[in-house]
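The values are calculated or read from the model by the stated rules, or taken from the named source; none is laboratory data. Keep in mind it's a predicted model, so treat the numbers as computed, not measured. Cβ placement follows ideal geometry from the backbone for every residue including glycine, while neighbour counts extend to all protein chains displayed.
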Amino acid sequence: MGESIVKVEKLSHRYSVQWAVRDINFEITKNGIYGLLGSNGAGKSTIMNIMCGVLKQTEGKVYIQGVDLAENPVDAKRHIGFLPQKPPLNMDLTVEEYLNFTANLRWIPAAEVSRAVKAVMGRCDITHFRKRLIRNLSGGYQQRIGIAQAIIHNPKFVVLDEPTNGLDPNQIVEIRHLIQEIAEERTVILSTHILSEVQATCDYIRMIEQGKLVFAGTVNEFDNYIVPNTLFVSLAAAPPVGELAAIPGVSRVEELGGSDYRVHFTDKRDVTNRIVQASVARDWELTEIRLEKSSLDTIFAELSKK
Ligand SMILES: Nc1ncnc2c1ncn2[C@@H]1O[C@H](COP(=O)(O)OP(=O)(O)OP(=O)(O)O)[C@@H](O)[C@H]1O
């Protein structure tokens with residue numbers, strides 16, 4: 001096991017009377033991209049704000065590189081870069097003015113500010129916009145500036161709260177790419193409520209639901225853990241539903257209207273083959289067959305059962 005990058009111990013947080021986060025424990029010892037996944041209101045921002053020292057927890061401990069965040073916030077924060085859900089941009093500054101300002105906030109020595117700003121603008125591919133007012137840039141570029149301010153002091157640990165939220169599909173691809181680049185040298189934790197976002201960008205998943213940690217592992221482990229168990233099948237020459245249900249391995253068939261069916265199964269590979277073979281043999285005119293992806297709600301329901 002490598003050195004501890006982040007350790008969260010018995011973390012709980014209460015806003016007035018309601019617990020938003022309850023008894024969260026995890027440790028990160030390997031570099032990579034960690035996805036903090038959970039539906040809206042699950043507690044992701046609360047955990048991230050606490051891990052970055054922006055919100056003081058009700059109970060529990062957070063250690064960054066072994067430094068207790070509550071006891072030595074200045075030391076611990078030198079290792080943290082944070083992009084909150086609402087990027088802290090000053091729209092009336094130019095990109096360069098704003099990054100100079102954030103470099104000072106991050107205790108970069110005066111003699112090194114200009115070099116650090118230049119380096120981070122190059123890293124985030126915003127150098128050509130350095131003289132532009134932030135308000136005049138697109139959402140994707142504003143998000144790049146948000147990421148630039150988070151890494152200007154070269155932290156080991158970067159926290160990005162919903163970094164692709166509100167961006168268009170092209171901007172999402174570009175920001176994901178940038179996140180993957182910056183994660184080559186450091187640990188990144190990002191939050192999202194979109195499962196495909198985690199699958200596209202992350203190496204590891206921490207899943208939170210109703211303030212509790214319900215899964216911690218690699219993206220592959222997550223995909224294997226939550227195996228979909230339904231197929232969508234479309235048959236132009238629809239057979240009596242009993243014939244489909246009689247195929248070995250099929251546990252139940254739902255009629256979705258027209259020529260569409262949802263087939264519940266116990267073994268994916270066998271059932272897919274058998275449906276294709278039966279369709280050819282009996283002229284059912286198969287036009288579509290695909291695994292149905294589990295929604296976050298279904299996954300959460302499955303995880304709660306395990
Ligand atoms: N300042 C606050 N005062 C009271 N309750 C709050 C406050 N901030 C968050 N909450 C509540 O705490 C719970 C967790 O919220 P949090 O913002 O951490 O969730 P989230 O997973 O980040 O959701 P989202 O994706 O919608 O931002 C929610 O029930 C939310 O309503």
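Points worth noting:
- Of the strands (runs of 3 or more DSSP E) lying entirely inside the range 1-76, those containing at least 2 residues that are more than 16 Å from residue 158 (Cα to Cα) are 6-15, 18-28, 59-64.
- Residues being without any contact (Cβ under 8 Å) to a residue 24 or more places away in the chain and of a type in the set (Lys, Arg) - total across the range 64-88: 1
- Candidates 178, 244, filtered to the one that is touching a Cys at 6+ places or on another chain (Cβ under 7 Å), buried (at least 17 other Cβ atoms within 10 Å of the Cβ) and not in a strand (DSSP E or B): 178
- Those residues of the range 14-28 which are more than 8 Å from the ligand (Cβ to nearest atom) and either touching a strand residue (DSSP E or B) at 6+ places or on another chain (Cβ under 9 Å) or touching a residue at least 40 places away in the same chain (Cβ under 8 Å) (or both), in sequence order: 14, 19, 22, 23, 24, 25, 26, 27, 28
- Within the range 264-282, the residues that satisfy the criterion of being in contact with an Asp or Glu (Cβ under 8 Å, 6 or more places away or on another chain) and either hydroxyl-bearing (Ser, Thr, Tyr) or outside any helix (DSSP H, G or I) (or both) are 264, 279.
- Top-ranked residue in the range 184-195 [being hydrophobic (A, V, I, L, M, F, W, C) and at pLDDT below 95; ranked as nearest to the ligand (Cβ to nearest atom)]: 194
- Top-ranked residue in the range 38-63 [being free of Cβ contacts under 8 Å to residues at least 40 places away in the same chain and away from the ligand (no atom under 12 Å from the Cβ); ranked as surrounded by the fewest Cβ atoms within 10 Å (Cβ to Cβ)]: 56
- Of the set (1) within 13 Å of the ligand (Cβ to nearest atom); (2) modelled with pLDDT of 95 or more; (3) within 30 Å of residue 132 (Cβ to Cβ), all apply to residue 85 but (2).
- Any hit, the range 207-226, residues being over 23 Å from residue 39 (Cα atoms) and free of Cβ contacts under 8 Å to residues at least 40 places away in the same chain: no
- Selection from the range 252-281 of residues that are among the polar types (S, T, N, Q) and surrounded by fewer than 17 Cβ atoms within 10 Å (Cβ to Cβ): 266, 273, 277
- Any hit, the range 230-246, residues being outside the structural domain of residue 274 (by TED's automatic domain parsing) and free of Cβ contacts under 8 Å to residues at least 12 places away in the same chain: no
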